[in-house]
1. Name the residues in the stretch 125-139 that are hydrophobic (A, V, I, L, M, F, W, C) and open to solvent by less than 20 Å² (accessible area, probe 1.4 Å), would you?
2. Identify, from the list Ile114, Ile67, the residue that is surrounded by 14 or more Cβ atoms within 10 Å (Cβ to Cβ) and over 10 Å from the mean Cα position of the chain (by Cα).
3. Just to confirm my filter: which helices (runs of 4 or more DSSP H) fall fully inside the stretch 2-108 and include at least 3 residues that are within 30 Å of Gly199 (Cα to Cα)?
4. Regarding the stretch 171-183, can at least one residue be identified that is open to solvent by 80 Å² or more (accessible area, probe 1.4 Å) and of a type in the set (Phe, Trp, Tyr)?
5. Out of all the residues in the stretch 114-138, which are part of a loop (DSSP other than H, G, I, E, B), of a type in the set (Gly, Ala, Ser) and at pLDDT 90 or above?
6. Determine which member of the set Gly102, Gly18, Gly2 is closer than 29 Å to Ile142 by Cα, touching an Asp or Glu at 6+ places or on another chain (Cβ under 9 Å) and either open to solvent by 30 Å² or more (accessible area, probe 1.4 Å) or not polar (S, T, N, Q) (or both).
7. Check Lys206, Lys174 and return the single one that is over 19 Å from the mean Cα position of the chain (by Cα) and in a strand (DSSP E or B).
8. Consider only pairs whose beta carbons are under 9 Å apart and that are at least six residues apart or on different chains; among these, list those whose first residue lies in the stretch 87-98 and is farther than 19 Å from Asn162 by Cβ and free of Cβ contacts under 8 Å to residues at least 60 places away in the same chain and whose second residue is of a type in the set (A, V, I, L, M) and part of a helix (DSSP H, G or I).
Amino acid sequence: PGSLNHEVSDANTYAKWGVDYLKYDNCNNDNVKPESRYPVMRDALNKTGHPIFYSISNFGKIDSVPIVANSWRTSKDEIDFWDTMVSKADANNEWWKLAKPGAWNDPGMLEVGIAEMTITEYKAHFSLWALMKAPLIIGCEISNMRDEIFRIITNPEVIAVNQDKLGAQGFKLKLDGDKELWGCPLDDGAVAALFLNRGNETASFKIQWSDLFLENNVVCITIMS
């Protein structure tokens, strides 16, 4: 990136401009290892005194990236297809224990509304990203967004799960062929659950409350269907 060896001056410029978010890639790095590069920009940003969300990317190679940022990419760049989307969720799921308030796994920008998936698939996509506490960064053209896409990405209850202050990333709890149960605890003691059908046919999925670490007498609320 152009900031290589110019981290302090660039960080000060970003702070002067009031920038809130910096995405810092590892391309064209002059063979400087990410273990050396990423902490330098982190320190430069922190010294400005202006809060800037620091997002880093090493093309999904988490095991070679120091956890020094607010988020880190767990996958390669986005392609708006169902199989690609769920594979990104799979990759992100591997690192769920790393996530906590102020430090998040990032499977990539939202592909909701770009063109290639169905509305049902976009609902699954947005719900997965929200449950995984991924940054919800819109990737579609917002100036001509369809109403049904707008309703998906502005669903207040799904967004509330993403923004829950406990900050616990959702992860896979139960697998049955193409059917998956994902879940995470919430700050108020509730549990957010997602039933994902990766197949092409309608399917039913039987679970026990214990699969969600719950007892009996549970009240359920559907927030996306």
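1. In the first step, residues of the stretch 125-139 are kept if they are hydrophobic (A, V, I, L, M, F, W, C); the result is 126, 128-132, 134, 136-138.
Result: Phe126, Leu128, Trp129, Ala130, Leu131, Met132, Ala134.
2. After ruling out the rest, the residue left standing is Ile114.
3. Numbers: elements: 7-17, 34-48, 82-93.
In the stretch 2-108, 82-93 are the helices (runs of 4 or more DSSP H) which contain 3 or more residues that are within 30 Å of Gly199 (Cα to Cα).
4. Within the stretch 171-183 (the criterion being open to solvent by 80 Å² or more (accessible area, probe 1.4 Å) and of a type in the set (Phe, Trp, Tyr)), the answer is no, since none of the residues qualifies.
5. Start the filter on the stretch 114-138 by keeping residues that are part of a loop (DSSP other than H, G, I, E, B), which leaves 114-118, 132-137.
Remaining after also requiring of a type in the set (Gly, Ala, Ser): 115, 134.
Correct list: Ala134 only.
6. Values: Gly102 fails: touching an Asp or Glu at 6+ places or on another chain (Cβ under 9 Å); Gly18 fails: touching an Asp or Glu at 6+ places or on another chain (Cβ under 9 Å).
Gly2 is the lone residue from the list that is closer than 29 Å to Ile142 by Cα, touching an Asp or Glu at 6+ places or on another chain (Cβ under 9 Å) and either open to solvent by 30 Å² or more (accessible area, probe 1.4 Å) or not polar (S, T, N, Q) (or both).
7. Of Lys206, Lys174, the one residue that is over 19 Å from the mean Cα position of the chain (by Cα) and in a strand (DSSP E or B) is Lys174.
8. Glu94/Ile62
The values are calculated or read from the model by the stated rules, or taken from the named source; none is laboratory data. What you see is a predicted model; the values in this text were computed from it and never measured. FYI the Cβ positions are ideal-geometry reconstructions off the backbone, even for glycines, and counts take in every protein chain you see. Please note that ligands, DNA and RNA were not included when accessible areas were found on the heavy atoms of the full protein model with its side chains. Shrake-Rupley method; radii C 1.70, N 1.55, O 1.52, S 1.80 Å.
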